[in-house]
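Working notes, beginning with the structure itself.
Rule-based calculations on the coordinates, nothing more; no lab input. Bear in mind the structure is a predicted one, so any value in this text is a computation, not a measurement. Positions of Cβ are generated from backbone atoms using ideal geometry, with glycine treated the same way; all protein chains shown enter the neighbour counts.
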């Protein structure tokens with residue numbers, strides 16, 4: 001009996017979406033540390049609500065939509081389009097901190113991919129530097145032959161896992177509360193995946209003033225666990 | 001200056017087809033509005049020079065009182081090398097409730113080498129149910145400077161209105177050599193969750209952004225800007241964009257507060273980078 005139609009794809013997705021992937025995702029809190037410090041994030045329900053707002057209206061949708069576009073471009077061998085989407089994503093990061101976290105994770109993942117795949121690398125590394133996280137994730141998913149919708153769901157899940165881990169530290173919450181939160185996000189993650197797939201280019205916009213302001217404040221926060 | 005008005009209200013399209021084309025040149029150190037074309041309801045007042053010849057001030061008008069669903073407005077701005085234009089609006093822009101169709105204002109600007117564009121309109125008021133899309137694309141050539149702000153009030157709060165239905169979008173994109181360097185694409189769907197949740201409006205009716213893109217904002221300058229008098233209330237912050245531009249954001253309850261803060265930042269940067277004494281336009285109140 002086979003556990004899934006494509007065991008290799010499943011294993012690769014688990015590796016790519018794993019919180020132990022050494023790309024430094026754990027070092028960033030995407031504003032959660034500031035929200036906790038200012039009393040806007042005090043319990044599991046607050047974090048649940050925040051993540052759902054992000055999935056419905058926030059920038060994570062834009063990352064997801066660009067991931068799908070970069071995947072399709074890589075599949076079609078259109079590296080110029082991959083480069084342009086990467087530039088577009090860099091320009092759309094709202095704060096210095098959010099840009100740094102996206103690019104640091106993207107660069108680390110791109111380097112890791114270079115170490116894992118057999119040379120020569122199919123993508124133009126220099127023109128993709130600095131590479132954003134969603135672009136590097138798309139390249140990995142394409143290279144490892146994951147289905148794009150599954151890859152997108154994995155990307156959203158790994159994003160949520162990282163923020164829940166950050167929330168567990170800064171609120172703080174118990175580990176079980178964190179897992180319960182992630183468990184409860186299942187329908188929302190898949191709903192977000194579906195909505196992201198429907199977004200057309202001229203509606204790639206988001207609404208996340210709370211994140212933008214929290215991230216700006218975090219850049220000058222006096223005492224912090226997470227990077228800025 | 002030529003003035004052409006041709007049947008601008010298109011019933012079939014369901015709204016105004018307004019246009020504005022402004023072409024600035026620099027002649028012997030004076031910025032001149034060399035060509036201006038307009039189609040109602042968009043229009044400009046005559047050029048003003050409250051701070052000398054170098055900078056031409058232009059006040060834009062919307063003569064129909066506000067923007068309704070179905071309107072298609074287009075503004076094109078061109079600044080020749082070394083010219084300097086400051087554009088503002090005569091009054092707040094009303095974005096009326098739509099019974100469905102989207103209203104759109106497309107703004108494009110080409111800022112040639114060494115030119116300065118300051119886009120400093122008064123606030124917009126999005127009525128509950130408004131369906132509005134604004135896109136602004138600015139092409140910045142080497143040494144060109146762009147300063148811009150945008151202040152939006154969601155709902156006519158004086159009468160207790162909230163932005164519970166409708167859609168507001170505002171996209172600002174800056175390009176250098178065809179490469180996007182700043183893409184601020186805001187899209188706020190009306191709803192109880194976006195109005196109340198801390199992720200979006202946090203029960204505050206007003207949001208504002210100010211962008212300065214000129215000579216690099218150094219860490220020292222950023223530090224200094226953070227020490228300038230902040231808005232007395234509301235949430236606000238500063239950060240840097242790619243290539244060291246400055247972004248300020250505000251979320252709160254007072255257009256007076258946010259305007260004053262943006263003016264403070266703008267005056268400081270203008271003094272630093274354009275060698276201009278502090279200026280405040282009477283029209284801003």
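The figures follow:
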quantity: Base-10 log of normalised Debye intensity for chain B (one unit scatterer per alpha-carbon) at q = 0.09, 0.11 Å⁻¹; calculated: -0.42, -0.63
quantity: Fewest-first sequence of B:54, B:226, B:39, B:159 by Cβ atoms within 10 Å of each Cβ; calculated: B:159, B:226, B:54, B:39
quantity: Projected area, mean over directions - region A:32-99, Cα convex hull, nm²; calculated: 5.4 nm²
quantity: Spin-label zone in region A:6-21 - amide nitrogen under 17 Å from a point set 7 Å from the Cα of residue A:150 along the C-beta vector; calculated: A:6-18
quantity: Cubic angstrom per residue, convex hull over Cα atoms of region A:106-226; calculated: 164 Å³
quantity: Radius of gyration and Dmax over the Cα atoms of region B:223-285, both given in Å; calculated: 12.2, 33
quantity: Sites residue B:279 and residue A:78 - FRET efficiency at Förster radius 41 Å, r taken between beta-carbons, to 0.05; calculated: 0.30
quantity: Relative contact order, percent, region B:217-285 [alpha-carbon distance under 8 Å, six or more residues apart]; calculated: 25 percent
quantity: Evaluated over region A:144-205, the Cα radius of gyration and Dmax, each in Å; calculated: 14.0, 41
quantity: Computed Rg/Rh of region A:86-166, alpha carbon atoms with Kirkwood Rh; calculated: 0.97
quantity: Binned Cα-Cα distances of region B:111-266, short to long, each 10 Å bin given as a whole percent; calculated: 10, 38, 34, 15, 2
quantity: Contact order normalised by residue count of chain B, Cα under 8 Å, 6+ apart, percent; calculated: 11 percent
quantity: Rounded to 5, percent antiparallel among DSSP beta bridges of the protein assembly as shown; calculated: 45 percent
quantity: Diffusion coefficient, µm² s⁻¹, Stokes-Einstein with Kirkwood Rh over alpha-carbon pairs of region B:87-171 at 10 °C and 1.306 mPa s; calculated: 112 µm²/s
quantity: Extension gain from residue B:48 to residue B:215, taking 0.36 nm per residue of separation minus the Cα-Cα distance; calculated: 57.5 nm
quantity: For region B:168-255, alpha-carbon Rg over 2.2 N^0.38 Å; calculated: 1.23
quantity: Relative contact order of region B:155-216, pairs being alpha-carbon contacts under 8 Å that are 6 or more residues apart, as %; calculated: 26 percent
quantity: Label-point separation in nm, residue A:175 to residue B:28, each point 7 Å along Cα→Cβ; calculated: 8.0 nm
quantity: Paired Rg and Dmax values of region B:15-96, which use every Cα atom, in angstrom; calculated: 13.6, 44
quantity: Rg/Rh ratio calculated on Cα atoms of region A:189-228 (Kirkwood radius); calculated: 1.19
quantity: Three semi-axes of the equivalent ellipsoid, chain A, Cα gyration tensor, whole Å, largest first; calculated: 28, 20, 17
quantity: Over region B:60-137, equivalent-ellipsoid semi-axes from the Cα gyration tensor in Å; calculated: 27, 13, 9
quantity: Cα long-axis angle, helix A:148-170 against chain A (0 to 90 degrees, to the nearest 10); calculated: 30 degrees
quantity: With 10 Å bins from 0: P(r) over the protein assembly as shown, alpha-carbon pairs, percent; calculated: 4, 18, 28, 26, 16, 7, 1, 0, 0
quantity: For A:6, A:115, order by how many other beta-carbon atoms lie within 10 Å, fewest first; calculated: A:115, A:6
quantity: Distance histogram for region B:1-140 (every C-alpha pair counted, 10 angstrom bins, percent rounded to whole numbers); calculated: 12, 42, 32, 12, 2, 0
quantity: Neighbour-count order for B:71, A:201, fewest beta carbons within 10 angstrom listed first; calculated: A:201, B:71
